[in-house]
Amino acid sequence: MKISKMQELLEANVLCCEEHLGKHVYSAFGCDLMSDVLAYVTDQAVLLTGLVNPQVIRTALMMDMTCIVFVRSKSPNKEMIELAKEHGIVMMSTSKTLYNACGILYSNGLVGTKEVVK
């Protein structure tokens, strides 16, 4: 799914890197625990989170993510926006909850990451 389509579906405000809205993402992961992101994301995914701190950007960099969506109208500070710009990571903010935002993307064809097998 194109990032621009996600922005439209989530009625999200683009916070930086608008020039990359044409990129594709292939799965999504919704989480506030960055350790879970590191443990379970296995492919090019968009991160949906309510956590707003620089660790979110650093985790996205480690996992080669190209887009972060902050839910519940959360907004990163200038430092985070500059870090995302430096690395070409699109950041958006939506008023939707994490649950609803993930549901909207899933119902429009964006899959989640692989399920955890115990």
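The values are calculated or read from the model by the stated rules, or taken from the named source; none is laboratory data. All figures in this text were calculated on a predicted structure; none of them were measured in a lab. A quick note on method: Cβ atoms are made from the backbone with ideal geometry, for glycine too, and the neighbour counts reach across all protein chains shown. All accessible areas refer to the heavy atoms of the entire protein, side chains included, with ligands and DNA or RNA removed. Shrake-Rupley method; radii C 1.70, N 1.55, O 1.52, S 1.80 Å.
A few points about this structure:
- Shown here for the range 79-116: trypsin sites (Lys or Arg not before Pro) in loop regions (DSSP other than H, G, I, E, B) with at most 12 other Cβ atoms within 10 Å, namely K114.
- Sequence-distant contacts, meaning Cα pairs under 8 Å at least 6 residues apart, place the relative contact order of the chain at 33 percent.
- Net charge, V69 excluded, C-beta distance under 12 Å - Lys, Arg +1, Asp, Glu -1: +2
- Area accessible to solvent at Y26, 1.4 Å probe radius, in Å²: 140
- Net charge, L48 excluded, C-beta distance under 10 Å - Lys, Arg +1, Asp, Glu -1: 0
- Amide N of the range 51-91 lying under 20 Å from the label point, which is placed 7 angstrom from the Cα of D36 along Cα→Cβ: 51-75
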